[in-house]
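What follows is a set of notes on a single structure, which appears directly below.
The values are calculated or read from the model by the stated rules, or taken from the named source; none is laboratory data. If you're wondering where the values come from, they're calculated on a predicted model, not measured in any experiment. Because the Cβ atoms are built from the backbone with ideal geometry, glycine has one as well, and the counts that use them run over all protein chains shown.
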Amino acid sequence: MRRYAIAAGLLPLAVAGVVDLLFGVEVTILARMRSPAERAEWRSAGWDSRDGVAELYGIVEPPPGLRAVVFDSDRLVRPPEDEALVLLPVDRLAGENVLLARAWWFRAALVGAVLACVVALAAWPRRRRASS
């Protein structure tokens with residue numbers, strides 16, 4: 001029965017790993033996305049590429065370079081100025097939130113621990129009857 005409890009505890013972690021592998025992306029979160037007209041105005045006002053491409057596209061939420069789980073890849077912005085940079089605009093005022101990979105893993109570990117305890121407790125009375 002101990003094997004079942006361990007398997008039940010590891011199952012959410014395996015699912016979290018697959019989801020993180022398929023949908024996890026290193027992103028820079030933008031609190032507010034600038035419109036194309038605002039970006040053109042910034043460029044004409046003397047924006048320099050050394051200032052940072054993310055700042056051209058919006059207001060950056062610190063820290064940059066977080067790993068997020070993004071199920072809708074259309075939300076991601078890949079600026080032509082820096083192909084390696086991936087931006088994720090998030091409208092906090094509209095109630096949008098970002099699912100960070102570390103939160104995803106924490107929830108999976110928590111669910112795994114609860115499942116393992118439930119399976120172990122469910123098997124415990126059977127084990128006591130078998131030993132008597």
So Gly9, is it surrounded by 15 or more Cβ atoms within 10 Å (Cβ to Cβ) and either free of Cβ contacts under 8 Å to residues at least 60 places away in the same chain or farther than 30 Å from Cys117 by Cβ (or both)
no
Somewhere in region 96-113, is a residue of a type outside the set (Lys, Arg), under 30 Å from Ser44 (Cα atoms) and under 17 Å from the mean Cα position of the chain (by Cα)?
no
Residue pairs within 8 Å by beta carbon, gap of at least six or interchain, first lying in region 57-72 and over 14 Å from Asn97 (Cα atoms), second in a strand (DSSP E or B) and polar (S, T, N, Q), listed first then second, are Val60/Thr28; Pro64/Thr28; Gly65/Thr28
Conditions (1) assigned to a strand (DSSP E or B); (2) touching a Leu at 6+ places or on another chain (Cβ under 6 Å); (3) within 21 Å of Val15 (Cβ to Cβ); number of the one not met by Leu30:
(3)
Scanning for something under 30 Å from Asp48 (Cα atoms) and at pLDDT below 90, does region 116-123 turn up at least one residue?
no
